[in-house]
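A short write-up of the structure that comes next.
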Amino acid sequence: MNRSAQSLVVLAALALLVFGWGLWQLFTIRFETGDVYPPYSSLRADPLGTKALHDGLEATGTIRVGRNFRPLERLSDPRGTTVFWLGDAHDITPPADWRNLLRGGGRLVVAWTPSQFVERTRTNAAGPLPWQQARYRQGPLLPRDPLSMKPEDIAFREQWQLGLAFVALPTSGAAFEADSATLAADLPLPAETPWHSTVCFTNLHADWRVIYERQGRPVVVERRVGDGAVVVSTDAWLVSNEALRRGRETEFLTWLVGGNPRVIFDEHHLGVEANPGLAGMLRRYRMHGIVGAFLALALLFVWRNAASFLPRQRTGELATGGPDIAGRDAASGFVNLLRRGVPRNELLKVCFTEWKQSLAASGGCSKERLDRMEKVMLSHDDFSASERNPVATYRELHRAWKEQR
């Protein structure tokens, strides 16, 4: 490969590395911010996420914090566990097996995405719905139908034994303003807290205890189920990153946790599921070395095909085919072969045997001459290996050949 081709290969490799590094940085920035996840996910670090609460509880060192990416009913040991079921503007009802978590001694905290609806007058029977979704903080919310008109909300009211109503928030132009929710229970909690949702509860069962209410309507309620408890809030803003930055309600957050040593943020209901692929399996079993070895082999393969390990030849050698190398003739090769394959003391005997098989067998030598030569070889074998003189014996064989001729 010439110099220009090698330069192109190096430039292509550098461009590929720079592209890979840039792509990695792009994904790192997106996932660190977390805006690829749904609102109120504990993986989001922007104002709509709950990563600050997750990391804050973990930083205490006394609470084991985790995330759940599987169905809630697969929770192994619910005792002493608080599960945060936050956000989810498309489904307000936890799975059917949430009672198993509560009866096992767990605590379920359900807080919905803030919903803003304003009332407007019907013009005719086929006119618009009595509630319409407005704008919050100068931006549109997620698309959603009024809670009281969804079929699953009917099942929700039957399971949880409470109803839903709406109380409009104060507005400023096209945006809603936060209202205040007041404490309605004898608990060491803030007397007032900001509220950003129009949804409130009605027709509560006697087992529900009202914690906070807004304009006389309950907005945070608690109920004991078996050994556990469930807390339902119509507004998840107080656990968001934005709320913890502007003015965290520490007492309220501590009450939500309930003093349990384990807290789990459920991500499965938000659509964030654990589907481990090949990369996940490699990380789980710490097979990073194998990946590095394959990458090293790939680089060596590319290097082997891109550059030659032979030394470069000079221009004159390429034109003439290289310098002449002196070799040896056939006789020299035969001598080297005899030296490697026949012992020195056996050389004369081997040669005589080969001569008898070739020349004598063809009838070119009389029987008397052959007997005489064999006697010479026998007398040669009578001597020890150190006393033998192959040259003298060869001369006697030559004389026997000539005398008998």
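Tell me, which residue of the stretch 25-56 that is among the aliphatic types (A, V, I, L, M) and more than 27 Å from SER115 (Cα to Cα) is modelled with the lowest pLDDT?
The first filter runs over the stretch 25-56 and keeps only residues among the aliphatic types (A, V, I, L, M), leaving 26, 29, 36, 43, 45, 48, 52-53.
Next cut, more than 27 Å from SER115 (Cα to Cα) only: 26, 29.
On the way: LEU26: 67, ILE29: 62.
Among them, the one singled out is ILE29.
Taking only pairs six or more apart or across chains, which ones have beta-carbon atoms under 7 Å, a first residue in the stretch 174-194 that is without any contact (Cβ under 8 Å) to a residue 12 or more places away in the chain, and a second residue that is in a loop (DSSP other than H, G, I, E, B)?
Filtered contacts from the stretch 174-194: GLU177/LEU169; GLU177/PRO170.
Check VAL342, VAL335, VAL391 and return the single one that is at pLDDT 75 or above, β-branched (Val, Ile, Thr) and exposed (fewer than 10 other Cβ atoms within 10 Å of the Cβ). Show your work before the answer.
Details: VAL342 fails: exposed (fewer than 10 other Cβ atoms within 10 Å of the Cβ); VAL335 fails: exposed (fewer than 10 other Cβ atoms within 10 Å of the Cβ).
Sole residue among the options that is at pLDDT 75 or above, β-branched (Val, Ile, Thr) and exposed (fewer than 10 other Cβ atoms within 10 Å of the Cβ): VAL391.
Of these, ALA274, ALA229, ALA243, ALA206, which one is at pLDDT 85 or above, out of contact with any strand residue (DSSP E or B) (no Cβ under 6 Å at 6 or more places or on another chain) and not in a helix (DSSP H, G or I)? Write out each step before concluding.
On the way: ALA274 fails: at pLDDT 85 or above; ALA229 fails: out of contact with any strand residue (DSSP E or B) (no Cβ under 6 Å at 6 or more places or on another chain); ALA243 fails: not in a helix (DSSP H, G or I).
Among ALA274, ALA229, ALA243, ALA206, only ALA206 is at pLDDT 85 or above, out of contact with any strand residue (DSSP E or B) (no Cβ under 6 Å at 6 or more places or on another chain) and not in a helix (DSSP H, G or I).
Between VAL220, VAL257, which is more than 37 Å from the chain's Cα centre (by Cα) and not basic (Lys, Arg)?
Working: VAL257 fails: more than 37 Å from the chain's Cα centre (by Cα).
Of the residues listed, the single one that is more than 37 Å from the chain's Cα centre (by Cα) and not basic (Lys, Arg) is VAL220.
So which residues in the stretch 38-64 are buried (at least 19 other Cβ atoms within 10 Å of the Cβ) and farther than 20 Å from ARG246 by Cα, if there are any at all?
The one that is buried (at least 19 other Cβ atoms within 10 Å of the Cβ) and farther than 20 Å from ARG246 by Cα: PRO38.
Can you find, within the stretch 59-73, the residue that is nearest to TRP98 (Cα to Cα) among those that are assigned to a loop (DSSP other than H, G, I, E, B) and of a type outside the set (Phe, Trp, Tyr)?
Taking the stretch 59-73 and keeping what is assigned to a loop (DSSP other than H, G, I, E, B), we get 60-63, 69-71.
With of a type outside the set (Phe, Trp, Tyr) added as a condition, the list becomes 60-63, 70-71.
Values: THR60: 28, GLY61: 28, THR62: 26, ILE63: 22, ARG70: 13, PRO71: 10 Å.
My answer is PRO71.
Being over 34 Å from the mean Cα position of the chain (by Cα) and at pLDDT 85 or above narrows it down to one of GLY61, GLY139, GLY105, so name that one. Please lay out each step first, then the result.
On the way: GLY61 fails: over 34 Å from the mean Cα position of the chain (by Cα); GLY139 fails: at pLDDT 85 or above.
Of the residues listed, the single one that is over 34 Å from the mean Cα position of the chain (by Cα) and at pLDDT 85 or above is GLY105.
The values are calculated or read from the model by the stated rules, or taken from the named source; none is laboratory data. These numbers come from a predicted model, not from an experiment. Cβ atoms come from the backbone with ideal geometry, glycine included; neighbour counts cover every protein chain shown.
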